[in-house]
1. Within the stretch 91-130, take every residue that is crowded, with 19+ Cβ neighbours inside 10 Å and β-branched (Val, Ile, Thr) and give me the one that is farthest from residue 144 (Cα to Cα).
2. Picking from 154, 127, which residue would you name as being over 22 Å from residue 244 (Cβ atoms), out of contact with any helix residue (DSSP H, G or I) (no Cβ under 6 Å at 6 or more places or on another chain) and touching a residue at least 12 places away in the same chain (Cβ under 8 Å)?
3. Go through (1) surrounded by fewer than 22 Cβ atoms within 10 Å (Cβ to Cβ); (2) not in a helix (DSSP H, G or I) for residue 153 and report which single condition fails.
4. Has the stretch 166-177 got at least one residue that is within 22 Å of residue 80 (Cα to Cα), modelled with pLDDT of 95 or more, crowded, with 23+ Cβ neighbours inside 10 Å and touching a strand residue (DSSP E or B) at 6+ places or on another chain (Cβ under 8 Å)?
5. Is it true that some residue in the stretch 21-35 is outside any strand (DSSP E or B) and either at pLDDT below 95 or among the hydroxyl-bearing types (Ser, Thr, Tyr) (or both)?
6. Restricting attention to the stretch 85-93, does a residue exist that is farther than 22 Å from residue 244 by Cβ, in contact with a strand residue (DSSP E or B) (Cβ under 8 Å, 6 or more places away or on another chain), assigned to a helix (DSSP H, G or I) and not small (Gly, Ala, Ser)?
7. I need a count of the residues in the stretch 137-160 that are modelled with pLDDT of 95 or more and over 16 Å from the mean Cα position of the chain (by Cα).
Amino acid sequence: MPLKLGAATYTYLWQASLEDAIRRLREIGFRYVEAMATPPHLWPRDTDARRRERLRQLCESLDVELVALNPTFLDLNLASTNPGIRAETVRQLEETIDLAADVGARLIVVACGQRHPLISPGPRELWRIVADGLERCLERCDRRGVSLGLENAWTVVDRAQQLVQLVRDHAHPRLQIAYDVANAAMVQSPSDGLRLVAGRLLHVHLSDTDRRVWAHDPIGHGVIDFAEIAAILRDIGYEGVSILEVTHPQDSDSALRESAEALEALGWAR
């Protein structure tokens, strides 16, 4: 059975509305979609009940499954030492969980937040701060039937081993892992990391990078061995969706189409 392939609306963030981005992804052939839950695409406080219902209806009419929302985390910070920032981060995450439930998405992609680059608490204190925020969000997840996918990113949790440990420490069925192969490549072998997270893997992000800069390039424009990634996903029995999270606004449609074709040659299917 082929691996399921979807795409994120990320690359269209400043080119098209969320609704038009979903339509364009469907025209390219994607049925599984991850939506950016960040302005200008989608933000809980700007998205009333009517728009939420219209978005759900649009996906149903296009035979699109909205598998995840991704709020991105350049501003929000679960690891902030400022309690006001942490409180607002949790508040917005809870609102995004409600939004996901309302539009039919079963997953929120979550990054743990950033540390001060010059002086910050030690790892144990940072993890305690992050864990407190996650616990509060998971209470809302239980009520709304939505899961959190903890992502490896440019944050206090950037390695597969850390993801696994944090998820194990919580031992909550709605806290799983969203693994990003391009993010992983900046700090470790993405293939080795993928094997480590296998037992709690719920979601996968695919894009390429050359390891010199943090990038989400089209497939084939970097150094990641996607044949090996495909083999590992098959070996571990992964049944979820792999999301193309390419950011190539110069020609988004072509970048996604060509990336999908490259991955389809390795066993994925739109």
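The values are calculated or read from the model by the stated rules, or taken from the named source; none is laboratory data. Computed from a prediction, not measured in an experiment: that's the story for all the values here. Here Cβ is always computed from backbone atoms with ideal geometry, including for glycine, and neighbour counts include all displayed protein chains.
1. 129
2. Within the list 154, 127, the selection yields 127.
3. The number of the failed condition is (1).
4. Yes, the stretch 166-177 has at least one match.
5. no
6. yes
7. Result for the stretch 137-160: 9.
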